[in-house]
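Novice: Can you read through this structure? Questions will come right after.
The values are calculated or read from the model by the stated rules, or taken from the named source; none is laboratory data. Note that the structure is a prediction, hence the values are computed from the model and not measured. Heads up, the Cβs are rebuilt from the backbone with ideal geometry, glycines too, and the neighbour counts pull from every protein chain shown.
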Amino acid sequence: MSLTLADCPATTLVGVDMADTLNATWDAIRHQEPDVPRAQVSIVRGKGSPHWRPDQRVVHVAESTVSAGAQEVLHFLLHQAAHDLVSEAPAGSEGKYHGNAYKAAAERLRLHVEYVDGNGWARTSLTEKAREIYKPQITQLESARQNWDVPERPPSRRITVHCQCPRNLQVVPSVFAKGPIRCEVCGQPFAA
């Protein structure tokens, strides 16, 4: 019989600040799925973790993910935890491919999984069951997010453009305006 997070002592759900709350949420994921390894969770600028290496025990959550809301943070952590449940990434994938083992792991963590051409079972989203199970963590994350201040930084002059692979580039608007930039992998032009 599987325990629910309601069976956890209340002290496991308490976080003083965002960093503590992120780590408490990771611990709650581990309580629900004990095969997920221990990890330290921290907030970083940029994209966050490509967290598929078995020796990596730090999960980096992007500032933009925290700013997007509690459910997006939970989704990101569950997505990373699913990578940890897969013993190996497919050969040559550099961890970017989400194979059948990843799909099974993500579903085990109660994520909805969809296939993306060229990237495998990469598109994940929270299911209602995940929202129900992790309701205390969602509430705690949202509370901590209300008290969290995004560090100030100067505005970027660059824009991010995407192709259909999906690959991303950052360019200054004047360069992008000069004409199409094509992806050498899919042959499609990058779009803003």
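Novice: From the residues in the stretch 161-182 that are surrounded by 12 or more Cβ atoms within 10 Å (Cβ to Cβ) and under 17 Å from residue 122 (Cβ atoms), which one is modelled with the lowest pLDDT?
Specialist: 166
Novice: Report, by residue number, each residue of the stretch 183-192 that is over 21 Å from residue 120 (Cβ atoms) and not small (Gly, Ala, Ser).
Specialist: 189, 190
Novice: Report the residue count in the stretch 145-160 for those that are of a type outside the set (Lys, Arg), modelled with pLDDT of 85 or more and either surrounded by 10 or more Cβ atoms within 10 Å (Cβ to Cβ) or farther than 30 Å from residue 20 by Cβ (or both).
Specialist: 2
Novice: Considering only residues of the stretch 1-41 that are modelled with pLDDT under 85 and part of a helix (DSSP H, G or I), which is farthest from residue 145 (Cα to Cα)?
Specialist: Ranking the qualifying residues of the stretch 1-41, first place goes to 7.
Novice: Based on what the data block shows, is residue 127 hydroxyl-bearing (Ser, Thr, Tyr), out of contact with any Phe, Trp or Tyr (no Cβ under 9 Å at 6 or more places or on another chain), at pLDDT 85 or above and surrounded by 13 or more Cβ atoms within 10 Å (Cβ to Cβ)?
Specialist: Judged against the criteria, residue 127 is a match.
Novice: When you scan the stretch 102-186 for strands (runs of 3 or more DSSP E) that lie fully inside it, which ones turn up with 3 or more residues that are over 27 Å from residue 45 (Cβ atoms)?
Specialist: Per the criteria, 111-116.
Novice: Check 59, 86, 44 and return the single one that is within 15 Å of the chain's Cα centre (by Cα), at pLDDT 80 or above and buried (at least 20 other Cβ atoms within 10 Å of the Cβ).
Specialist: Details: 86 fails: within 15 Å of the chain's Cα centre (by Cα); 44 fails: buried (at least 20 other Cβ atoms within 10 Å of the Cβ).
One residue alone meets the criteria, 59.
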